[in-house]
Ligand code: ADP
């Protein structure tokens with residue numbers, strides 16, 4: 001079935017988008033909608049989206065629970081075919097969706113296209129993964145026993161995603177969930193529902209049976225809460241803030257749901273005296289500032305060997321000051337707005353507060369409201385020098401274009417400083433020395449470790465996730481996704497007694 005969203009043209013020609021429940025695009029039960037405005041220009045209304053509530057969530061979980069009865073028992077090959085088809089559909093729309101992403105979320109057109117392209121790759125990767133072995137065959141004490149394990153799907157999964165990667169994060173949660181036989185209720189961030197609609201459209205058009213994937217848009221309290229509290233939702237995959245992650249962890253623990261959390265980061269890039277300075281500069285600036293610093297893997301601390309700290313800080317200052325901040329759809333723009341006015345005010349406020357407390361501000365931090373930036377959430381990329389590692393600037397995730405330089409004496413101090421935060425998502429080291437690289441890779445407390453490349457790089461075929469407060473010990477992407485989205489069954493198939501030549505002693509365990 002080719003399902004198109006509810007697109008009731010209103011007076012101003014603004015499109016209205018519904019939820020996708022049980023294979024149908026439909027408005028919220030109450031008929032209410034939420035406005036979605038571009039962060040680059042508040043006058044630009046991207047669309048109206050279903051302002052859903054508990055009735056919509058219940059209908060979506062009903063549909064997902066019913067669909068699981070057949071989808072979960074179906075062939076992984078059939079699921080792979082649908083994911084392949086969805087990848088092809090999405091691939092044909094990369095330019096359009098990349099543009100919509102830039103308009104809706106605020107990252108540059110190049111990044112929007114890159115993220116949509118990544119989503120295509122993710123769908124293809126999990127189409128392949130769906131066809132990989134589902135378990136292992138073991139020897140048994142009885143030579144003719146067939147003893148094997150099989151990874152089985154969990155059931156109805158809640159996928160709750162943030163706005164900063166509005167199509168790639170949903171893709172890397174939803175594709176494996178479906179590939180391994182689960183059904184999904186997807187609640188995207190309220191700031192980026194259009195990208196969510198586009199991903200669901202591609203999967204629906206590829207032939208997903210009704211109820212296998214359901215999209216419910218709306219606010220956290222009215223959609224997220226009833227979703228995670230529904231007893232039929234057996235697993236929750238969440239990316240977002242540490243505060244919400246902590247409350248979901250508690251809730252899932254209480255009601256015995258499986259949970260996967262991807263939370264914040266305070267990611268360091270260590271630059272040692274022997275590093276190629278130009279190379280380090282490019283990667284530290286890109287890691288800190290691309291996507292306006294709104295990546296959980298963004299670099300927010302440049303931990304620099306004191307011998308080169310002055311020179312490197314000067315290089316950073318020049319490069320950061322020269323970044324072109326503006327309309328993400330303008331090909332000249334390097335840095336777009338923050339996600340909304342509240343985020344821009346918060347980040348500018350954090351910079352001002354640090355400055356007031358005497359931290360040395362070398363560049364940026366102010367709101368930009370001139371010319372084409374007057375209606376957007378723009379903040380000039382900021383650089384602080386001589387940051388105290390134990391200060392707020394050295395410890396807290398600000399989730400914006402703000403970088404602090406922390407001078408240190410050599411690798412040992414760099415590692416100690418890098419590790420002394422509650423997070424452990426990603427980290428980089430810039431050096432030419434192999435033994436230093438190996439010591440760093442061993443000593444750094446981070447789930448994703450780079451040597452000579454930026455903290456934000458990630459490939460979809462390998463596990464992604466953090467240590468300490470950045471995650472819940474689970475990993476996403478690559479083969480790790482199967483661990484989360486399945487449960488293991490161990491099967492002993494013995495011959496009937498008359499045909500069993502020499503029954504072995506299996507033993508029994510409680
Ligand atoms: P961010 O700061 O990136 O928006 P949040 O943690 O606030 O991170 O939100 C991430 C996602 O989690 C969003 O889709 C949001 O609507 C949803 N969410 C927020 N609070 C809750 C909650 N209590 N229960 C379920 N989902 C929630």
Cα→Cβ-extended label distance, 7 Å offset, between residue 493 and residue 479, nm: 2.4
Ranked list, fewest to most other Cβ atoms within 10 Å of each Cβ, for 277, 488, 289: 488, 277, 289
Relative contact order %, region 267-451, counting alpha carbon pairs below 8 Å whose residues are six or more apart: 29
Distance between modelled label sites at residue 396 and residue 137, nm, 7 Å Cα→Cβ extension: 5.8
Taking all pairs of distinct alpha-carbon atoms in region 449-488, Kirkwood radius in angstrom: 11.3
The chain, helix-only ellipticity at 222 nm - DSSP H runs n ≥ 4, -39,500 (n - 2.57), divided by all residues, nearest 500: -11500 deg cm²/dmol
Proportion of all alpha-carbon pairs of region 125-213 beyond 22 Å (%): 38
Relative contact order, percent, region 43-119 [alpha-carbon distance under 8 Å, six or more residues apart]: 23
Difference of contour (0.36 nm per residue) and Cα-Cα distance, residue 360 to residue 277: 27.7 nm
Whole-Å semi-axes of the ellipsoid equivalent to region 177-333 (Cα gyration tensor, √5λ, descending): 40, 21, 14
Label point at residue 232 placed 7 Å out along Cα→Cβ; residues across region 54-86 whose backbone nitrogen lies under 17 Å: 54-73
For the chain: span of alpha carbons on each principal axis (Å, largest first): 83, 65, 40
Extended-chain gain in nm, criterion 0.36 nm per residue less alpha-carbon gap, residue 311 and residue 255: 14.7 nm
Percent of C-alpha pairs per 5 Å bin, region 267-451, short to long: 1, 9, 18, 22, 20, 14, 9, 5, 2, 0, 0
Relative contact order %, the chain, counting alpha carbon pairs below 8 Å whose residues are six or more apart: 17
Chain lengthening between residue 42 and residue 329 when straightened (0.36 nm per residue, less Cα-Cα): 101.8 nm
Residue 225 paired with residue 370, simple spin-label distance in nm, labels 7 Å along Cα-to-beta-carbon: 4.5
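Every number here is computed from the coordinates shown, using simple stated rules; none is lab data. These numbers come from a predicted model, not from an experiment. Note that each Cβ is placed from the backbone with ideal geometry, even for glycine, and that neighbours are counted across all protein chains shown.
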